[in-house]
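The values are calculated or read from the model by the stated rules, or taken from the named source; none is laboratory data. Bear in mind that the values here come from a model prediction, so they are computed numbers and not experimental data. We place every Cβ from the backbone using ideal geometry, glycine too, and count neighbours over all the protein chains shown. Side chains are part of the model used for accessible areas, which takes the heavy atoms of the whole protein and leaves out ligands, DNA and RNA. Shrake-Rupley method; radii C 1.70, N 1.55, O 1.52, S 1.80 Å.
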Amino acid sequence: MEEKRGSRGWCGWFLVLIVLAAIAFAIFYAVRQKQHKSEPGAAPVPGPPGAVTKKYADALKVAMQFLDIQKSGKLENNNIPWRGDSGLKDGSEAQVDLSKGMYDAGDHMKFGFPMAFTATVLSWTILEYGDQMKVVNQLEPAQDSLKWITDYLVNAHPTDNVLYIQVGSPKVDHGCWDRPEDMTEDRPLTQVNASVPGTDVAAETAAALASASLVFRSTDSAYSTLLLKHAKQLFTFADKYRGSYSISIPEVATFYNSTGYGDELLWAASWLYHATGDRSYFQYVTGKNGEDFANWGSPTWFSWDNKLAGAQVLLSRVSFFGPKDVSNSNILQKYRDSAEAVMCGLLPKSPTATSSRTDSGLVWVSQWNALQHPVASALLAVIYSDYMLTSRTAKISCDGHYFRPSDLRKFAMSQADYVLGDNPMKMSYLVGYGDKYPQYVHHRGASIPADATTGCKDGFQWLKSDKPNPNIAMGALVGGPFLNESFVDSRNNSMQTEPSTYNSAVIVGLLSSLVTTSSVVQSFT
């Protein structure tokens, strides 16, 4: 009797446990379903450009002007009253016309490496956001500024394996403080060639010309074809004769030292794939060169020196929108995963968020030209968010935490707003925008009255002057704040007050992306 009662009791408890487990599973499943259903799906795909955000439109119109200020050569339709023709004999010693192009920063040097990067970023901006720029009448000025650089770059490549990468001697140039219109100092040329290789600068120039060929394809097919021809030749040259230009020519390392050329090769091949559709360029980035140079999974900062993050985002475009036989590539997925790792590092609430920020949330990497990295990072973030929106991709995962396109856009806006005055100094770091901006910009032309007669040396009185610049360097994005968010507005403080042309490229890109919303084109061609 006792044995039978024990058996029935054991069976009863077993049945109870089964029922409880079933109830628990049902509750768990219902909660999971509710959570799943409560998560909103992908945001609607934007249509044509929407309503304009006035502050970004106003800032973009200001930012575009600095590109005009930096132009060398015989100026056309010049709207800058204190600028005139300059550098007209640049290149003459080699019988090439290098009069165009843009001065690098507050000096009168033409450095080909950052100048080509400026052109590539301008091209990318126009290709992604040309419709938005057009709404606020900034597309044509951007195309004009781009062509001013690409005209120079084409002339700087007189034969297949020769590229002029610098006009002027930094030592001589920086020994003067004069207006570009009054320059009398020597302007020697520096080149890379088969014996003195410069893979990084040649590949960046190839990227610039390949991307620009896409910009001008529908409006000037002959010019587009010319640009693409030079881009292909330069890429072949860069790849065949490998070597860093700052190792081949050590003196350039003081100003624009290249930390490697693999990123430029991948960047250039990515642009050539977009420009040509030639699968050999896709195979280039997904084959051995990808294994050698891509550094998958390790986020990097996008800058004139390192293009990896840019290449990862650009190749993600292929993953989002490319034909299936290409977009399903496992190697391509590595680029996209790496791009998402970059995005996760930027998002403040991500578990993998970078700690390289000021207390107010500005990404801060370097005390020299501090604003380059946050603005460039914000540009990549908004581009990636727009790829997600257009492709109906709802979210990315950052170590199990999910973020949406709107989170990336919010980050990008936070960096833009900081630059435009939402910062502890309550100062706009974009000269000419807002009520308070730097008055002592480290820029020769802006610091010397247009009617002054100065030579190389006596112009230093204007560098040392305690009066604000007589000319406003409209649109200049200065170096920016220190990590403690202080800013010393002094002409001698070049670390913080010197603008650069490549800074202009990334701020024009960021503001163009934020001026309104629209879906991005799924193909550049």
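I want to verify the translational diffusion coefficient of the range 219-373 in µm²/s; compute it with Stokes-Einstein, Rh as the Kirkwood radius over Cα pairs, at 20 °C and 1.002 mPa s.
125 µm²/s
Starting from the Cα of LYS232, draw a straight line to each of the aspartates and glutamates and keep only those under 20 Å, dropping any in the same chain fewer than 8 residues away.
ASP151, ASP160, ASP200, GLU204, ASP220, ASP263, GLU264, ASP278
Expressed in nm to one decimal, what extension gain is obtained for the pair ARG392 and LYS134 from 0.36 nm per residue of sequence separation less their Cα-Cα distance?
Gain on extension, ARG392 to LYS134, equals 90.4 nm.
List the trypsin sites (Lys or Arg not before Pro) within the range 404-513 that DSSP assigns to loop and that have no more than 14 neighbouring Cβ atoms inside 10 Å.
LYS426, LYS436, LYS457
Along the principal axes of its C-alpha atoms, what lengths does the range 374-417 span, in descending order and rounded to whole Å?
Principal-axis extents of the Cα atoms in the range 374-417, largest first: 26, 23, 13 Å.
Can you give the FRET efficiency for ASP466 and ASP359, using 1/(1 + (r/R0)^6), R0 = 22 Å, r = Cβ-Cβ distance, to the nearest 0.05?
Calculated transfer efficiency: 0.10.
Starting from the Cα of ASP85, step 7 Å along the direction of its Cβ; do the same at LYS229; then give the gap between the two resulting points in nm.
Between ASP85 and LYS229, the label points sit 2.8 nm apart.
Accessible area per residue for the chain in Å², computed with a 1.4 Å probe and the full protein assembly in place, what is it?
I get 41 Å² per residue for the chain.
Using 1/(1 + (r/R0)^6) with R0 = 30 angstrom and r between the beta carbons of ASP399 and SER218, what's the FRET efficiency to the nearest 0.05?
The computed FRET efficiency comes out at 0.10.
Could you work out what % of the accessible surface of the range 193-277 is carbon and sulfur, using a 1.4 angstrom probe and leaving DNA, RNA and ligands out of the count?
So the carbon and sulfur contribution to the accessible surface is 53 percent.
Zone of THR259 (label point 7 Å along Cα→Cβ, backbone N under 17 Å): which residues in the range 269-309?
Within reach of a label on THR259, which here means backbone N under 17 Å from a point 7 Å along Cα→Cβ, the range 269-309 contributes 293-309.
Roll a 1.4 Å probe over the protein heavy atoms and report the accessible area of TYR433 in Å², nearest 10.
40 Å²
Mind checking the dipole of the chain: about its Cα centre, +1 per Lys or Arg Cβ, -1 per Asp or Glu Cβ, Debye to the nearest 20?
Rounded to the nearest 20 debye, it is 1980 debye.
Using a 1.4 Å probe over the heavy atoms of the protein chains, calculate the carbon and sulfur portion of the accessible area of the range 388-525 as a whole percent.
51 percent
Take the alpha carbon atoms of the range 420-497, find their center, do the same for the range 140-179, and report the distance between the two centers in whole angstrom.
When both Cα centres are located, 24 Å separates them.
Which value, in Å² rounded to 10, gives the accessible area of GLU140 with a 1.4 Å probe and all protein chains present?
The accessible area of GLU140 comes to roughly 120 Å².
Rounded to the nearest 0.05, what FRET efficiency do VAL172 and ASP144 give with R0 = 35 Å and r taken as the Cβ-Cβ distance? Could you check?
0.70
Order the peptides 123-131, 215-223, 110-118 from the highest to the lowest mean number of other Cβ atoms within 10 Å of their residues.
Answer by packing, highest mean first, reads 110-118, 123-131, 215-223.
Which value in Å is the Kirkwood Rh of the range 392-525 over different Cα pairs?
Kirkwood radius, the range 392-525: 17.3 Å.
Output the Kirkwood hydrodynamic radius of the range 138-219, Cα pairs only, in Å rounded to one decimal.
Mean inverse Cα-Cα distance, inverted, gives 14.8 Å.
At 1.4 Å probe size, with no ligands or nucleic acids counted, give the accessible surface of THR120 in Å², nearest ten.
The accessible area of THR120 comes to roughly 0 Å².
In deg cm²/dmol and to the nearest 500, what is the mean residue ellipticity at 222 nm of the chain if only DSSP H runs of at least 4 residues count, each as -39500 (n - 2.57), divided by the residue total?
-16000 deg cm²/dmol
Take the alpha carbon gyration tensor of the chain, find the square roots of its eigenvalues, order them as a ≥ b ≥ c, and report rounded if a/c is under 1.5; if not, report prolate when a/b exceeds b/c, else oblate.
prolate
How many percent of Cα pairs in the range 296-435 exceed 25 Å?
Cα-Cα pairs in the range 296-435 separated by more than 25 Å: 27 percent.
At a Cα cut-off below 25 Å, give the lysines reachable from LYS54, other chains included and same-chain residues fewer than 8 away excluded.
Hits, sequence-local ones excluded: LYS134, LYS410, LYS426, LYS436.
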